[in-house]
1. Do you know which residues across the stretch B:84-98 are more than 7 Å from chain A (Cβ to nearest Cβ) and not charged (D, E, K, R)?
2. Limited to the stretch C:121-140, what total is found for residues that are in a loop (DSSP other than H, G, I, E, B), of a type outside the set (D, E, K, R) and away from chain D (no Cβ under 14 Å)?
3. Out of (1) more than 7 Å from every other protein chain (Cβ to nearest Cβ); (2) under 20 Å from D:Leu177 (Cα atoms), what's the single condition that is false for C:Leu147?
4. Looking at C:Pro89, C:Pro55, which is the one that is open to solvent by 20 Å² or more (accessible area, probe 1.4 Å), in contact with a strand residue (DSSP E or B) (Cβ under 6 Å, 6 or more places away or on another chain), within 16 Å of ligand 2 (Cβ to nearest atom) and not hydroxyl-bearing (Ser, Thr, Tyr)?
5. Looking only at helices (runs of 4 or more DSSP H) that fall completely inside the stretch A:103-209, which ones have 3 or more residues that are away from chain B (no Cβ under 14 Å) and out of contact with any Lys or Arg (no Cβ under 9 Å at 6 or more places or on another chain)?
6. Could you check, for the stretch B:207-217, whether at least one of its residues is within 16 Å of ligand 4 (Cβ to nearest atom) and either among the aliphatic types (A, V, I, L, M) or more than 8 Å from chain C (Cβ to nearest Cβ) (or both)?
7. From D:Ala254, D:Ala247, D:Ala239, grab the single residue that is farther than 28 Å from D:Leu136 by Cα, within 9 Å of another protein chain (Cβ to nearest Cβ) and modelled with pLDDT of 80 or more.
8. So A:Ala65 ticks every box in (1) without any contact (Cβ under 8 Å) to a residue 60 or more places away in the chain; (2) open to solvent by 20 Å² or more (accessible area, probe 1.4 Å) but one. Which box is left unticked?
Amino acid sequence: MSASTQALSPPHRDPDTRARLGWTLVALVLLWPLLVLAEFRPWALFDAGNLRVMGSFLGGFLPPATSTEFLGYLLDATLETMAIATAGIALALLLAVPLSILSTRALAVSKIGPGPGRLGDRMARAAGRALLTFLRAIPEIVWALMFVRVLGLGPAAGVLALAITYGGMLGKVYTEILESIDTRPARAILEAGGGRFAALAYGLLPNAAQELTSYTVYRWECAVRASVIMGFVGAGGLGQLMDQSMKMLNGGEAATILFVFLVLVLFADSLSATLRRALA
Amino acid sequence: MGFELESAGLTHGNGFRALQRVSLRVGRGERVAVIGPSGAGKTSLIRLLGTALRPTEGRLDVLGANPWRLSAGALRRLRARIGTIHQSPPIPPRLRVVTAIHAGRLGRWPAWKGLLSLLYPVDVAGAHAALARFDLADRLFERCDRLSGGQLQRVGIARVLYQQPDLILADEPVSALDPALADAALGELVAESARSGASLFASLHAVDLALKWFPRIIGLRGGEVVFDLPTARLTDSMLHELYAAEGAMLPVQARDAAAGATTDPEADAKVIRLDTSRGR
Amino acid sequence: MGFELESAGLTHGNGFRALQRVSLRVGRGERVAVIGPSGAGKTSLIRLLGTALRPTEGRLDVLGANPWRLSAGALRRLRARIGTIHQSPPIPPRLRVVTAIHAGRLGRWPAWKGLLSLLYPVDVAGAHAALARFDLADRLFERCDRLSGGQLQRVGIARVLYQQPDLILADEPVSALDPALADAALGELVAESARSGASLFASLHAVDLALKWFPRIIGLRGGEVVFDLPTARLTDSMLHELYAAEGAMLPVQARDAAAGATTDPEADAKVIRLDTSRGR
Amino acid sequence: MNETREPCAPRGAADFCLSCVLTCALVAAAVAGSFVYLGIDFGTLFSVGAGADMARFAASFFPPDLEPDFLRKTAYGALQTFAVAMIGTLLAAAAGLLLALPAAGRHGAAAERLSRFLLNLLRSVPELVWATLMVLAAGLGPFAGVLALALHTTGVLGRLFAEAIENAPPQPEQSLLETGSGGVPAFLYGTLPLVWAQSVAYGLYRLEMNIRMAAVLGFVGAGGLGQMLYFHLSIFQQAQAATVLIAMFVLVLAVDALSDRLRAWMGHS
Amino acid sequence: QVLRVSAIPDEAPTELQRKFKPLGEYLEKETGLEVVFTPVSDYAAVVEGLAAKKIDLAWLGGFTFVQARLRTHGEALPIVQRVEDEVFTSKFIVPADSPVKSLSELKGKTFAFGSPSSTSGHLMPRFFLLEDGIDPDKDFTRIAFSGAHDATVAFVASGRAEAGVLSASVLDKLLEKGDANAGRVRVIATTPPYYDYNWTVRPGLDAALREKIADAFLKLDPSDPVHKELMTLQRASKYVPTTSANYDAIERAARSAGLIK
Ligand SMILES: Nc1ncnc2c1ncn2[C@@H]1O[C@H](COP(=O)(O)OP(=O)(O)OP(=O)(O)O)[C@@H](O)[C@H]1O
Ligand SMILES: Nc1ncnc2c1ncn2[C@@H]1O[C@H](COP(=O)(O)OP(=O)(O)OP(=O)(O)O)[C@@H](O)[C@H]1O
Ligand SMILES: [Mg+2]
Ligand SMILES: [Mg+2]
């Protein structure tokens, strides 16, 4: 073997150095115009005037609003928001699960080799991915306006809009999670003649189930926060309430709503922890 | 027919040429061992035969068909007839042993059965029988990450036997087992091949086991077949030559240091001792 | 002193008792091999000594200190002096070989050096030298998932030698290597121990290698020490007994079937042949 | 040889996972309950005119406004949106990683609780609220948007990173800790290479979300595509809105392609 | 049989809902239909709802009506409006302690409109600013859309924007209520009058029903205490019939301000 000659003169330079240095430089050079465009001025934060304005606003957060009328609104809004989020995520899963199974590379038997049917497979995968991208690249509000034409004002249009965009996002993230774990077990099953679902269930899910679940729960939590968009088409909820109080700079109400948000997030977090433990 | 290779070659993605000019023919029910130094290409060869990699040159025929000319469905059926024991078993750590064994038959089972078995093991008795052959019956419902190295390797073997393939490919199937168990496990593999008429093609580091259990031995070095002989015609010098190159490349000063400092008078004796009669 | 165990025991999380009543004393610079059937507790013992697991009973002393009484900092310094070669090297697949080797010295290096080395390898020459001892110098900048099984195992050994520990624990360090290379690699380990005065404690499946390179052998079965003797005083019958139990448990009818069908007249010869003189 | 082992009995029935079934039933009940509570009727969605109606709505976006002047404005908006989202995400990724380590339980239980609560707090305040606060703190303009995105995204990425870290196989890092390495280097050598790809994917994915989220930030003067979309949709300038949507689409596609490329480069087939 | 009603969100949706409650009950009584009010927070949703015939009756701003008219090919019909809506104005405000005295001094400042589709909060002020030689897109350093009239006051009062504009009637209402934010702003200019809000019915609504609804509004009499309360909430002193042609001027203004292409 030729190694003996190399052994005498060890390569003292990492062959990757140049590429790494180059990419770092490129990144730095590109960062500069971005900072300019975003008007990055951290010192503005410490401007005395700004601090005073913000301080007095934050002061307005106390005491939180606790009038019974407002709490009544809040309870209604919370229930409605949770229902919208749950229904939306449920529909989103109907979209996301098949599409992500379709577009996960680790489940494509034709990638091995590559073997027969790779053209069709590749096209199906590309179509799946394109559909996912399309679904989530169009903002919720546009979908919502479209469904308003058919379903009228109210939660139905909001739920559908949520389902479509979140379906696109969940599908993409599911795909990425399935591809980023150890895919050798799934591959071994495909190599032993197993099908797509078998490889998914026996090869990928045991390792990925926890992460998939916790991401889904996180998305549910996002859907709760996204109720501001649902408000656009008459499916009120917490987000809309929050939006109003912030616009009116009504700190007390905002504080109460924020507290509800925090409670919901903590709930989602413990739900996710419980599910993860169950799946461990 | 088991399989046939005609001047096949394999170049890895990074341009490394792992196999070249390999021509082999293994008949139905035949038992062949492949031996060779580390990095010789044994695993690559087995992955080629398992249709996990596609030869970059030459022709490959497995179980009477050229896998890379088959339709997707036919390839899948072919793969279900090939069982591969991997060097380190590709089993998700969280899977239970019974499920890991069932995964072997996913190629034959309809999809619903595979999915059902994940919820409720459908063939406990079959999995139990396969495990019992390797002294592991009591670990049926254990999680795979609670097994010792040798136990996990045996689960990998049991899974392939449970698959009931027509061609068994084994990549160092007993590397993590003690001599007695290694011998017994190879005995099981040989017995299975004899019982079902499946061809058995195994790569082995333990030359004595290869000589004991296999009537035909193939020597591989640097990606090429060095010899392909009935066991009886294999000579000591052939084996020496097969493993020689690498011994010679170990830097000499380190060995000298060892020899100088060690208290064991045998440490500076001839390092490579291969004796075809040992273990027979 | 190397280490000392006094009637130590280990019970795993699921209540499985992997070790019991183990008393051992290994001096500085001493070389000891532990052998025993699969599931005997070899890996458990080595993890105990490597302070990866805490004994559930008894007393443990490593390098003159009880690790579980030390402060966090002192425990860390102690661990930096223990090098463990794992049964399957726990190296992230995407790491490059040079980085994987450098990881061995993280315990000695200040944090900044470890961080820097991730970007630009700080000690290419050192890593190169460590690899060269195992005939792998030319794979310095390769990614670990592009290595063969044996190559990866050698990277694991080289990493521990690069660490320069005072106690080398090796869990089946040569299971994926061919006989010649296995012998040479053990030779390197022994030489290192002789040069640096480090104790060497290795579990081995290959009894012949254990007998050849180690002056003292410990037999482990069912979590208990069966014998602990100078190599010279080990008898054939002791070895037979050590491995006997499991051979007896393999179902007999399968063996018979194999013997009946096989063409190899030796297949039904005595299965377990252990000869203390072989390999010497 | 191992008397402690229980004799093997195929106890398949005992393995039937009761709590799994209960959980599934609970989730199903929650979903059904939600639909009932909202009184949603999707019936009209499948009525005769529905498809045509939606198609008419979609058709009203065509053809998009391609006048050079407007294109220039859109391009500038797109750049600014990208810049705001990018800087916000970068800041968040750095902060998120720092908080993820204690949140994954690496520095003791107290640190875990604290950092988890901090992450939850950051995340439970929607971008919009952060934006309002940041406008007060830093004045009207894109920088307020950057800060708002960064604060919220820190909470999100911190949590996602922490879970990815918890899910990664522990052996590599464990083995380094056993050689006495410090916590941070052990993480960098043992776990980071395993979670790197997934974390970058999450980061890029969040970048994409933030590009879209800039739509909501538009009205606090953070400008960019978001404000344009809001403006043109509000006054029914569908042609202009279509151009903005296309620009957003292109940005999302670009980030998607970047994500794919990066992950392939990091060695995932 | 239901009458589906909505309104543009020129104020907070909960506020709209509260205001609508007595009116809804009154309409229920007068028409004999069940009245369902859906508050939304997006102008476009109301117009889409009207065009898709998912809403029967909507409270629209002048500019929103013009958009609805275009979107339904002239078939959306305005039926009634308050007398105040015939001479509507907008007011430009600055923080009380600002040195600014006239519109021309606003150049180089940050400026808050209401919603982009608001007549009094965006369209007409923009039109009159343009006539005064101020191009909002070029002459203000930054434009923010607060989303609602009362939000504009909050924006300006808190210093988030250096100036803003809103409907005169909302500002008056806030001042009456003694709103804290309204006390912290100062009016620097008022626009000439124009036609604004009206109640519009969807295309194809049964003519008899349309008449019934219009009559119900026109019948409202401030001397009746029940009606009085309802009208105070709506800030109406009297309802008068209106026609589509009244809004042609707004359409022209919108075209010249480039908001309709
Ligand atoms: N994915 C890959 N990309 C690039 N090179 C590879 C890849 N896999 C293996 N190789 C290289 O191909 C050669 C043969 O590898 P292979 O795994 O077949 O060896 P082997 O005979 O099984 O060795 P061992 O006994 O050590 O397992 C090795 O030099 C290895 O470095
Ligand atoms: N994490 C764990 N939880 C429960 N049981 C375990 C765990 N790890 C190992 N065991 C059990 O402890 C026993 C000893 O395991 P250990 O890994 O020490 O065996 P070993 O001697 O190394 O065997 P091998 O030669 O097969 O590697 C085995 O029976 C194994 O099933
Ligand atoms: Mg191999
Ligand atoms: Mg072990």
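1. B:Ile85, B:Gln87, B:Ser88, B:Pro89, B:Pro93, B:Val97, B:Val98
2. So the count comes out to 3.
3. With respect to (1) more than 7 Å from every other protein chain (Cβ to nearest Cβ); (2) under 20 Å from D:Leu177 (Cα atoms), C:Leu147 is out only on (2).
4. C:Pro55
5. Where helices (runs of 4 or more DSSP H) fall fully within the stretch A:103-209 and carry at least 3 residues being away from chain B (no Cβ under 14 Å) and out of contact with any Lys or Arg (no Cβ under 9 Å at 6 or more places or on another chain), they are A:118-137, A:140-151, A:155-180.
6. no
7. On the way: D:Ala254 fails: within 9 Å of another protein chain (Cβ to nearest Cβ); D:Ala247 fails: within 9 Å of another protein chain (Cβ to nearest Cβ).
Every option except D:Ala239 fails the conditions.
8. (1) is the only condition that A:Ala65 fails.
The values are calculated or read from the model by the stated rules, or taken from the named source; none is laboratory data. What you are looking at is a predicted structure, and each value in this text was computed from that prediction instead of being measured. Using ideal geometry, Cβ is built from the backbone for each residue, glycine included, and neighbour counts are taken over all protein chains shown. In case anyone asks, the SASA skips ligands and DNA or RNA and just uses the protein heavy atoms, side chains included. Shrake-Rupley method; radii C 1.70, N 1.55, O 1.52, S 1.80 Å.
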